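The structure appears below as C-alpha coordinates.
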Amino acid sequence: MTDDLARRIAALMPRAKSDLAELVAIPSVADPRQYPPEHCREAAEWVAEAFTAAGLHDVHLEETPDGSHAVIGHRPPPPGAPTVLLYCHYDVQPPLDDAAWTSPPFELTERDGRWYGRGTADCKGNIVMHLTALRALGDDIPVGLKFVAEGSEEQGTGGLEQYVPPHAGELHADALLVCDTGNAAVGVPTATTTLRGLANVVVTVRALEGDMHSGMFGGPAPDALAALIRILDSLRDEHGGTRIDGLDCDGSWTGVGYDEQQFRTDAGVLDGVGLTGTGTVADRLWARPAVTVLGIDCAPVVGSAAAIPGTARARVSLRVPPGTDAVAARDALTAHLTAAAPWGVKVGVEPESTGSPFEAATGGPAYGALDRAMREVYGKPMSFLGQGGSIPLCNVLAQTFPTAEIILMGVEEPRCLIHAPNESVEPSEIEHMAHVEALFLQNYAKAARS
(Lines give C-alpha, C1' and ligand atoms only; values in the text may rest on other atoms or scores of the structure.)
Protein backbone atom coordinates (compact mmCIF):
# COMPACT_ATOMS: atom_id res chain seq x y z
CA MET A 1 0.00 0.00 0.00
CA THR A 2 2.81 2.37 0.88
CA ASP A 3 4.62 1.65 -2.41
CA ASP A 4 1.38 2.18 -4.33
CA LEU A 5 0.81 5.49 -2.54
CA ALA A 6 4.37 6.58 -3.32
CA ARG A 7 3.84 5.77 -7.01
CA ARG A 8 0.61 7.77 -7.12
CA ILE A 9 2.29 10.76 -5.52
CA ALA A 10 5.26 10.57 -7.90
CA ALA A 11 2.83 10.53 -10.83
CA LEU A 12 1.15 13.65 -9.45
CA MET A 13 4.35 15.73 -9.32
CA PRO A 14 3.98 17.26 -12.83
CA ARG A 15 0.55 18.49 -11.75
CA ALA A 16 2.06 19.79 -8.50
CA LYS A 17 4.56 21.81 -10.52
CA SER A 18 1.83 23.17 -12.76
CA ASP A 19 -0.30 24.13 -9.76
CA LEU A 20 2.61 25.82 -8.05
CA ALA A 21 3.41 27.77 -11.23
CA GLU A 22 -0.16 29.08 -11.34
CA LEU A 23 -0.09 30.05 -7.67
CA VAL A 24 3.32 31.73 -7.82
CA ALA A 25 2.14 33.81 -10.78
CA ILE A 26 -0.45 35.45 -8.51
CA PRO A 27 1.29 38.25 -6.52
CA SER A 28 -0.84 37.70 -3.42
CA VAL A 29 0.86 40.17 -1.09
CA ALA A 30 -1.74 41.12 1.53
CA ASP A 31 -0.76 44.77 1.70
CA PRO A 32 -2.91 47.12 -0.44
CA ARG A 33 -0.20 49.77 -0.16
CA GLN A 34 2.01 47.54 -2.32
CA TYR A 35 -0.26 45.29 -4.39
CA PRO A 36 -3.93 45.43 -5.39
CA PRO A 37 -6.09 43.31 -3.07
CA GLU A 38 -7.64 41.66 -6.11
CA HIS A 39 -4.56 39.45 -6.32
CA CYS A 40 -5.27 37.98 -2.89
CA ARG A 41 -8.86 37.39 -3.87
CA GLU A 42 -7.67 35.60 -7.01
CA ALA A 43 -5.36 33.35 -4.96
CA ALA A 44 -8.12 32.58 -2.47
CA GLU A 45 -10.52 31.59 -5.23
CA TRP A 46 -7.83 29.40 -6.82
CA VAL A 47 -7.35 27.59 -3.50
CA ALA A 48 -11.10 27.17 -3.02
CA GLU A 49 -11.56 25.64 -6.47
CA ALA A 50 -8.56 23.33 -6.12
CA PHE A 51 -9.57 21.91 -2.74
CA THR A 52 -13.16 21.49 -3.87
CA ALA A 53 -11.87 19.39 -6.75
CA ALA A 54 -9.67 17.46 -4.28
CA GLY A 55 -12.74 16.27 -2.38
CA LEU A 56 -13.50 18.86 0.30
CA HIS A 57 -17.06 20.04 0.88
CA ASP A 58 -18.51 23.55 1.06
CA VAL A 59 -15.18 25.25 0.36
CA HIS A 60 -15.79 28.98 0.54
CA LEU A 61 -14.27 32.34 1.42
CA GLU A 62 -14.87 33.94 4.80
CA GLU A 63 -13.91 37.55 5.51
CA THR A 64 -11.86 37.87 8.69
CA PRO A 65 -11.69 40.92 10.98
CA ASP A 66 -8.63 42.40 9.23
CA GLY A 67 -10.43 42.34 5.87
CA SER A 68 -8.55 39.35 4.46
CA HIS A 69 -10.31 36.21 3.30
CA ALA A 70 -9.77 32.77 4.79
CA VAL A 71 -10.63 29.76 2.67
CA ILE A 72 -12.68 27.32 4.75
CA GLY A 73 -13.81 23.77 3.93
CA HIS A 74 -14.41 20.35 5.44
CA ARG A 75 -14.97 16.66 4.79
CA PRO A 76 -16.99 14.63 7.31
CA PRO A 77 -15.22 11.75 9.09
CA PRO A 78 -16.03 8.09 8.53
CA PRO A 79 -17.77 6.55 11.56
CA GLY A 80 -15.46 6.49 14.56
CA ALA A 81 -12.61 8.31 12.78
CA PRO A 82 -10.82 11.39 14.13
CA THR A 83 -10.77 14.76 12.40
CA VAL A 84 -7.63 16.57 11.21
CA LEU A 85 -7.38 20.27 10.40
CA LEU A 86 -5.11 21.19 7.49
CA TYR A 87 -3.67 24.73 7.64
CA CYS A 88 -1.73 26.78 5.11
CA HIS A 89 -1.65 30.40 3.92
CA TYR A 90 -1.87 31.73 0.39
CA ASP A 91 -0.48 35.24 0.95
CA VAL A 92 3.22 35.86 0.42
CA GLN A 93 5.94 38.27 1.37
CA PRO A 94 6.68 41.08 -1.11
CA PRO A 95 9.62 40.23 -3.37
CA LEU A 96 11.75 43.03 -1.85
CA ASP A 97 14.47 43.98 -4.36
CA ASP A 98 13.47 42.65 -7.79
CA ALA A 99 17.03 43.25 -9.00
CA ALA A 100 18.32 40.73 -6.45
CA TRP A 101 16.29 37.93 -8.03
CA THR A 102 18.03 35.75 -10.59
CA SER A 103 14.66 35.02 -12.18
CA PRO A 104 11.32 36.89 -11.98
CA PRO A 105 9.86 36.54 -8.47
CA PHE A 106 6.34 35.80 -9.68
CA GLU A 107 7.31 33.26 -12.32
CA LEU A 108 8.12 29.68 -11.39
CA THR A 109 11.60 28.93 -12.72
CA GLU A 110 13.45 25.62 -12.48
CA ARG A 111 17.16 25.94 -11.84
CA ASP A 112 19.61 23.29 -10.64
CA GLY A 113 16.71 21.01 -9.77
CA ARG A 114 14.91 23.51 -7.51
CA TRP A 115 11.80 25.57 -8.22
CA TYR A 116 12.28 29.31 -7.71
CA GLY A 117 9.71 32.04 -7.13
CA ARG A 118 8.05 33.97 -4.32
CA GLY A 119 5.89 31.61 -2.30
CA THR A 120 7.30 28.39 -3.78
CA ALA A 121 8.02 27.29 -0.21
CA ASP A 122 6.29 29.82 2.07
CA CYS A 123 3.57 28.83 1.84
CA LYS A 124 2.27 27.91 -1.61
CA GLY A 125 4.54 24.89 -1.64
CA ASN A 126 2.63 23.62 1.39
CA ILE A 127 -0.68 24.26 -0.37
CA VAL A 128 0.50 22.03 -3.20
CA MET A 129 1.74 19.46 -0.66
CA HIS A 130 -1.77 19.27 0.84
CA LEU A 131 -3.35 18.95 -2.61
CA THR A 132 -0.95 16.21 -3.68
CA ALA A 133 -1.61 14.18 -0.53
CA LEU A 134 -5.39 14.45 -0.92
CA ARG A 135 -5.30 13.63 -4.63
CA ALA A 136 -3.18 10.56 -3.95
CA LEU A 137 -5.70 9.30 -1.39
CA GLY A 138 -8.66 10.07 -3.66
CA ASP A 139 -11.93 8.91 -2.14
CA ASP A 140 -10.09 6.81 0.44
CA ILE A 141 -9.52 9.57 2.98
CA PRO A 142 -9.76 7.74 6.33
CA VAL A 143 -10.31 10.74 8.62
CA GLY A 144 -12.51 13.78 8.78
CA LEU A 145 -10.93 16.97 7.48
CA LYS A 146 -11.22 20.63 8.31
CA PHE A 147 -9.34 23.05 6.05
CA VAL A 148 -8.28 26.66 6.43
CA ALA A 149 -6.04 28.74 4.20
CA GLU A 150 -5.14 32.09 5.72
CA GLY A 151 -4.95 35.29 3.67
CA SER A 152 -2.83 37.69 5.72
CA GLU A 153 -0.32 35.59 7.69
CA GLU A 154 2.72 37.41 6.34
CA GLN A 155 1.36 40.82 7.37
CA GLY A 156 0.75 39.75 10.97
CA THR A 157 -2.53 41.67 11.16
CA GLY A 158 -4.28 38.86 13.02
CA GLY A 159 -7.35 38.29 10.88
CA LEU A 160 -7.49 34.54 11.33
CA GLU A 161 -6.43 34.70 14.98
CA GLN A 162 -9.51 36.84 15.64
CA TYR A 163 -11.72 34.64 13.46
CA VAL A 164 -10.93 31.31 15.14
CA PRO A 165 -12.41 31.66 18.67
CA PRO A 166 -15.95 32.63 17.65
CA HIS A 167 -15.92 29.96 14.90
CA ALA A 168 -14.39 27.17 16.98
CA GLY A 169 -17.14 24.72 16.04
CA GLU A 170 -16.46 24.79 12.33
CA LEU A 171 -12.69 24.43 12.83
CA HIS A 172 -12.54 21.96 15.73
CA ALA A 173 -10.34 18.91 15.11
CA ASP A 174 -8.45 16.27 17.06
CA ALA A 175 -5.12 17.05 15.38
CA LEU A 176 -4.05 20.27 13.66
CA LEU A 177 -1.43 20.15 10.89
CA VAL A 178 -0.01 23.67 10.72
CA CYS A 179 1.96 23.38 7.50
CA ASP A 180 4.07 26.52 7.49
CA THR A 181 7.45 25.16 8.62
CA GLY A 182 9.65 22.36 7.31
CA ASN A 183 12.51 19.96 7.74
CA ALA A 184 15.86 20.73 9.34
CA ALA A 185 17.45 19.97 5.96
CA VAL A 186 16.42 18.25 2.75
CA GLY A 187 15.80 14.62 3.62
CA VAL A 188 15.75 15.11 7.40
CA PRO A 189 12.17 14.51 8.66
CA THR A 190 11.32 17.13 11.24
CA ALA A 191 8.50 18.46 13.35
CA THR A 192 8.87 21.94 14.80
CA THR A 193 8.02 21.92 18.50
CA THR A 194 8.77 25.48 19.59
CA LEU A 195 8.27 28.88 18.02
CA ARG A 196 9.52 32.23 19.18
CA GLY A 197 6.99 34.94 19.82
CA LEU A 198 7.46 38.51 18.68
CA ALA A 199 7.10 42.08 19.84
CA ASN A 200 7.47 44.82 17.22
CA VAL A 201 7.70 48.53 17.97
CA VAL A 202 8.46 51.75 16.12
CA VAL A 203 10.80 54.11 17.96
CA THR A 204 10.87 57.81 17.02
CA VAL A 205 13.59 60.23 18.11
CA ARG A 206 13.05 63.99 17.96
CA ALA A 207 15.90 66.42 18.60
CA LEU A 208 15.16 69.54 16.54
CA GLU A 209 12.06 71.30 15.33
CA GLY A 210 13.19 70.48 11.80
CA ASP A 211 16.25 69.55 9.76
CA MET A 212 18.95 72.19 10.06
CA HIS A 213 21.95 73.15 7.89
CA SER A 214 24.92 71.05 9.03
CA GLY A 215 27.43 73.80 8.20
CA MET A 216 25.71 76.47 10.27
CA PHE A 217 24.56 74.29 13.20
CA GLY A 218 26.55 71.02 13.06
CA GLY A 219 28.50 70.31 16.24
CA PRO A 220 26.37 71.56 19.10
CA ALA A 221 23.01 70.78 17.49
CA PRO A 222 21.87 67.24 18.45
CA ASP A 223 21.55 64.83 15.54
CA ALA A 224 18.39 62.70 15.82
CA LEU A 225 19.79 59.95 13.60
CA ALA A 226 23.00 59.74 15.62
CA ALA A 227 20.93 59.54 18.80
CA LEU A 228 18.82 56.76 17.28
CA ILE A 229 21.97 54.84 16.31
CA ARG A 230 23.21 55.03 19.91
CA ILE A 231 19.85 53.85 21.23
CA LEU A 232 19.76 50.90 18.85
CA ASP A 233 23.36 49.99 19.59
CA SER A 234 22.50 49.73 23.30
CA LEU A 235 20.31 46.71 22.52
CA ARG A 236 23.42 44.56 21.95
CA ASP A 237 26.42 43.63 24.08
CA GLU A 238 30.07 43.66 22.97
CA HIS A 239 29.61 40.26 21.29
CA GLY A 240 26.55 41.40 19.36
CA GLY A 241 24.15 39.41 21.52
CA THR A 242 20.79 40.87 22.50
CA ARG A 243 20.83 42.67 25.86
CA ILE A 244 17.63 44.33 27.03
CA ASP A 245 17.22 45.59 30.58
CA GLY A 246 14.72 43.48 32.51
CA LEU A 247 14.75 40.58 30.02
CA ASP A 248 16.47 37.20 30.45
CA CYS A 249 18.82 36.84 27.49
CA ASP A 250 20.81 33.78 28.61
CA GLY A 251 18.53 30.79 27.94
CA SER A 252 19.82 27.37 26.84
CA TRP A 253 18.40 24.98 24.23
CA THR A 254 18.12 21.34 25.34
CA GLY A 255 16.93 19.72 22.09
CA VAL A 256 18.72 18.81 18.87
CA GLY A 257 21.41 21.34 18.04
CA TYR A 258 22.25 23.33 14.91
CA ASP A 259 25.75 22.89 13.51
CA GLU A 260 27.49 26.26 13.35
CA GLN A 261 29.01 25.77 9.91
CA GLN A 262 25.68 24.57 8.56
CA PHE A 263 24.03 27.64 10.04
CA ARG A 264 26.61 29.90 8.38
CA THR A 265 25.82 28.24 5.06
CA ASP A 266 22.05 28.34 5.55
CA ALA A 267 22.13 32.00 6.63
CA GLY A 268 24.52 33.08 3.86
CA VAL A 269 27.07 34.53 6.30
CA LEU A 270 30.03 35.97 4.37
CA ASP A 271 33.49 34.49 4.80
CA GLY A 272 35.35 36.13 7.66
CA VAL A 273 32.19 37.55 9.27
CA GLY A 274 31.56 36.24 12.79
CA LEU A 275 28.26 35.18 14.27
CA THR A 276 26.79 37.46 16.91
CA GLY A 277 26.23 36.54 20.55
CA THR A 278 27.62 33.71 22.66
CA GLY A 279 26.52 30.16 23.46
CA THR A 280 25.48 27.57 20.90
CA VAL A 281 23.69 28.51 17.70
CA ALA A 282 20.60 26.73 19.02
CA ASP A 283 20.76 28.75 22.27
CA ARG A 284 20.82 32.00 20.33
CA LEU A 285 18.24 30.95 17.77
CA TRP A 286 15.61 29.11 19.81
CA ALA A 287 16.13 29.84 23.52
CA ARG A 288 16.97 33.55 23.75
CA PRO A 289 15.41 36.86 22.74
CA ALA A 290 16.78 38.27 19.49
CA VAL A 291 16.48 41.90 18.42
CA THR A 292 16.51 43.04 14.79
CA VAL A 293 16.27 46.52 13.32
CA LEU A 294 13.88 45.99 10.44
CA GLY A 295 14.04 49.46 8.97
CA ILE A 296 15.14 53.06 9.53
CA ASP A 297 13.54 56.21 8.16
CA CYS A 298 16.24 58.66 7.18
CA ALA A 299 17.43 60.49 4.10
CA PRO A 300 18.77 58.22 1.32
CA VAL A 301 22.41 58.62 0.35
CA VAL A 302 21.52 59.70 -3.16
CA GLY A 303 19.65 62.98 -2.86
CA SER A 304 20.55 63.66 0.77
CA ALA A 305 21.12 67.27 1.81
CA ALA A 306 23.75 68.82 4.05
CA ALA A 307 21.33 68.88 6.96
CA ILE A 308 21.23 67.63 10.54
CA PRO A 309 18.24 65.28 10.91
CA GLY A 310 15.72 66.66 13.36
CA THR A 311 13.73 63.42 13.53
CA ALA A 312 14.58 59.79 12.90
CA ARG A 313 12.74 56.56 13.50
CA ALA A 314 13.23 52.82 13.31
CA ARG A 315 11.13 49.68 13.29
CA VAL A 316 12.47 47.20 15.83
CA SER A 317 11.52 43.53 16.08
CA LEU A 318 12.10 41.37 19.14
CA ARG A 319 11.75 37.60 18.89
CA VAL A 320 11.05 35.96 22.24
CA PRO A 321 11.49 32.28 23.19
CA PRO A 322 9.02 29.99 24.99
CA GLY A 323 8.85 30.90 28.66
CA THR A 324 8.95 34.63 27.96
CA ASP A 325 5.73 36.65 27.90
CA ALA A 326 5.57 38.66 24.67
CA VAL A 327 3.80 41.66 26.23
CA ALA A 328 6.31 41.79 29.09
CA ALA A 329 9.11 41.60 26.52
CA ARG A 330 7.60 44.46 24.54
CA ASP A 331 7.31 46.54 27.71
CA ALA A 332 10.95 45.82 28.58
CA LEU A 333 12.03 46.79 25.07
CA THR A 334 10.02 50.01 25.26
CA ALA A 335 11.52 50.93 28.62
CA HIS A 336 15.03 50.16 27.42
CA LEU A 337 14.69 52.26 24.26
CA THR A 338 13.33 55.18 26.25
CA ALA A 339 16.00 54.99 28.98
CA ALA A 340 18.83 54.74 26.44
CA ALA A 341 18.12 58.15 24.90
CA PRO A 342 21.26 60.36 24.87
CA TRP A 343 21.43 64.15 25.22
CA GLY A 344 17.86 64.47 26.42
CA VAL A 345 16.37 63.78 22.98
CA LYS A 346 12.65 63.03 22.92
CA VAL A 347 11.82 59.36 22.38
CA GLY A 348 8.43 57.90 21.55
CA VAL A 349 7.80 54.16 21.21
CA GLU A 350 4.71 52.98 19.37
CA PRO A 351 3.76 49.30 19.83
CA GLU A 352 2.96 47.24 16.77
CA SER A 353 2.12 43.54 16.82
CA THR A 354 2.86 41.05 19.57
CA GLY A 355 2.69 37.29 19.39
CA SER A 356 3.28 34.76 22.15
CA PRO A 357 5.85 31.98 21.81
CA PHE A 358 4.62 28.42 21.39
CA GLU A 359 5.66 24.98 22.60
CA ALA A 360 3.91 21.82 21.41
CA ALA A 361 3.07 18.75 23.47
CA THR A 362 4.49 15.78 21.56
CA GLY A 363 3.37 12.69 23.46
CA GLY A 364 0.00 12.01 21.84
CA PRO A 365 -1.21 9.58 19.15
CA ALA A 366 -0.93 12.12 16.33
CA TYR A 367 2.79 12.54 16.93
CA GLY A 368 3.16 8.78 17.03
CA ALA A 369 1.36 8.47 13.69
CA LEU A 370 3.53 11.20 12.19
CA ASP A 371 6.74 9.56 13.37
CA ARG A 372 5.71 6.26 11.76
CA ALA A 373 4.91 8.06 8.50
CA MET A 374 8.23 9.91 8.46
CA ARG A 375 10.17 6.70 9.18
CA GLU A 376 8.43 4.98 6.25
CA VAL A 377 9.11 7.82 3.82
CA TYR A 378 12.57 8.99 4.89
CA GLY A 379 13.92 5.85 6.52
CA LYS A 380 14.87 7.67 9.71
CA PRO A 381 13.08 8.83 12.87
CA MET A 382 11.47 12.21 13.17
CA SER A 383 13.58 15.01 14.65
CA PHE A 384 12.25 17.73 16.94
CA LEU A 385 13.57 21.23 16.37
CA GLY A 386 12.80 24.76 17.42
CA GLN A 387 12.18 27.53 14.96
CA GLY A 388 13.13 31.15 15.31
CA GLY A 389 10.07 32.39 13.47
CA SER A 390 6.66 33.22 14.94
CA ILE A 391 3.20 31.85 14.12
CA PRO A 392 0.84 33.61 16.55
CA LEU A 393 -2.05 31.50 15.30
CA CYS A 394 -0.60 28.45 17.08
CA ASN A 395 -1.29 29.99 20.48
CA VAL A 396 -4.84 30.86 19.48
CA LEU A 397 -5.37 27.29 18.30
CA ALA A 398 -3.89 25.90 21.53
CA GLN A 399 -6.16 28.09 23.65
CA THR A 400 -9.26 27.40 21.55
CA PHE A 401 -8.68 23.65 21.20
CA PRO A 402 -6.80 22.68 24.38
CA THR A 403 -7.14 18.90 23.81
CA ALA A 404 -5.99 18.94 20.18
CA GLU A 405 -2.48 17.96 19.14
CA ILE A 406 -0.75 20.70 17.13
CA ILE A 407 1.89 19.62 14.62
CA LEU A 408 4.09 22.02 12.67
CA MET A 409 5.57 20.57 9.48
CA GLY A 410 6.00 21.33 5.81
CA VAL A 411 8.40 21.88 2.91
CA GLU A 412 10.32 24.96 4.07
CA GLU A 413 13.89 23.73 4.73
CA PRO A 414 16.72 26.29 5.18
CA ARG A 415 17.85 26.42 1.54
CA CYS A 416 14.40 27.75 0.60
CA LEU A 417 15.41 31.29 1.67
CA ILE A 418 11.85 32.16 2.64
CA HIS A 419 11.19 35.93 2.87
CA ALA A 420 14.42 36.61 0.92
CA PRO A 421 15.14 37.11 -2.79
CA ASN A 422 15.47 33.88 -4.78
CA GLU A 423 13.09 31.87 -2.60
CA SER A 424 12.90 28.27 -3.80
CA VAL A 425 11.64 24.82 -2.93
CA GLU A 426 13.16 21.37 -3.39
CA PRO A 427 10.57 19.38 -5.40
CA SER A 428 11.48 16.16 -3.60
CA GLU A 429 10.40 17.76 -0.33
CA ILE A 430 6.94 18.44 -1.76
CA GLU A 431 6.78 14.84 -2.96
CA HIS A 432 8.06 13.26 0.24
CA MET A 433 6.11 15.49 2.63
CA ALA A 434 2.90 14.87 0.64
CA HIS A 435 3.63 11.16 1.10
CA VAL A 436 4.20 11.76 4.83
CA GLU A 437 0.91 13.62 5.11
CA ALA A 438 -1.06 10.94 3.31
CA LEU A 439 0.51 8.18 5.44
CA PHE A 440 -0.09 10.22 8.58
CA LEU A 441 -3.80 10.42 7.84
CA GLN A 442 -3.91 6.65 7.36
CA ASN A 443 -1.82 5.94 10.47
CA TYR A 444 -3.83 8.34 12.62
CA ALA A 445 -7.10 6.72 11.59
CA LYS A 446 -5.71 3.28 12.47
CA ALA A 447 -4.50 4.54 15.86
CA ALA A 448 -7.97 5.86 16.65
CA ARG A 449 -9.51 2.44 15.89
CA SER A 450 -7.03 0.47 17.97
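The values are calculated or read from the model by the stated rules, or taken from the named source; none is laboratory data. The shown structure was predicted, so the numbers you read here are calculated from the model rather than taken from an experiment. Using ideal geometry, Cβ is built from the backbone for each residue, glycine included, and neighbour counts are taken over all protein chains shown. Side chains are part of the model used for accessible areas, which takes the heavy atoms of the whole protein and leaves out ligands, DNA and RNA. Shrake-Rupley method; radii C 1.70, N 1.55, O 1.52, S 1.80 Å.
Relative to one another, the C-alpha centroids of the stretch 199-258 and the stretch 85-136 are positioned 35 Å apart. Near Leu12: Cβ cut-off under 11 Å, other residues only, Lys/Arg at +1 and Asp/Glu at -1. The net charge is +3.
Radius of gyration (Cα atoms) of the chain, expressed as a multiple of 2.2 N^0.38 Å: 1.04. For the chain, a crude dipole built from +1 on the beta carbon of Lys and Arg and -1 on the beta carbon of Asp and Glu, taken about the Cα centre, is about 560 debye to the nearest 20. Of the heavy-atom accessible surface of the chain (probe 1.4 angstrom), what whole percent is carbon and sulfur? The C+S portion of the solvent-accessible surface of the chain is 52 percent.
Taking the stretch 180-205 and a reference point 7 angstrom along Cα→Cβ of Val256, the backbone N atoms nearer than 17 Å belong to 180-195. Based on protein heavy atoms only, the stretch 125-222 ends up with 31 Å² per residue of surface accessible to a 1.4 Å probe. In a DSSP loop and with at most 13 other Cβ atoms within 10 Å, the trypsin sites (Lys or Arg not before Pro) in the stretch 1-101 are Arg33.
Count the net charge of all other residues whose Cβ sits under 14 Å from the Cβ of Val84, scoring Lys and Arg as +1 and Asp and Glu as -1. Cβ neighbours under 14 Å give a net charge of 0.
Per residue, the stretch 269-399 exposes 47 Å² of accessible surface when a 1.4 Å probe is rolled over the protein heavy atoms with every protein chain present. Electrostatic tally near Thr204: other residues with Cβ closer than 11 Å to its Cβ, Lys and Arg +1, Asp and Glu -1, net +2. Remark: relative contact order (the chain) = 25 percent; criterion is Cα-Cα distance under 8 angstrom and separation of 6 or more residues. Tell me which of Gly268, Leu285, His130 sits at the most positive position along the dipole axis of the chain, charges placed on C-beta atoms (Lys, Arg +1; Asp, Glu -1). Farthest along the dipole direction, towards plus: Leu285.
Once the chain from Glu110 to Ser304 is taken as fully extended at 0.36 nm per residue, the excess over their C-alpha distance is 65.7 nm. Ordered by 1.4 Å accessible area with all protein chains kept, Thr338, Thr400 run largest first as Thr338, Thr400.
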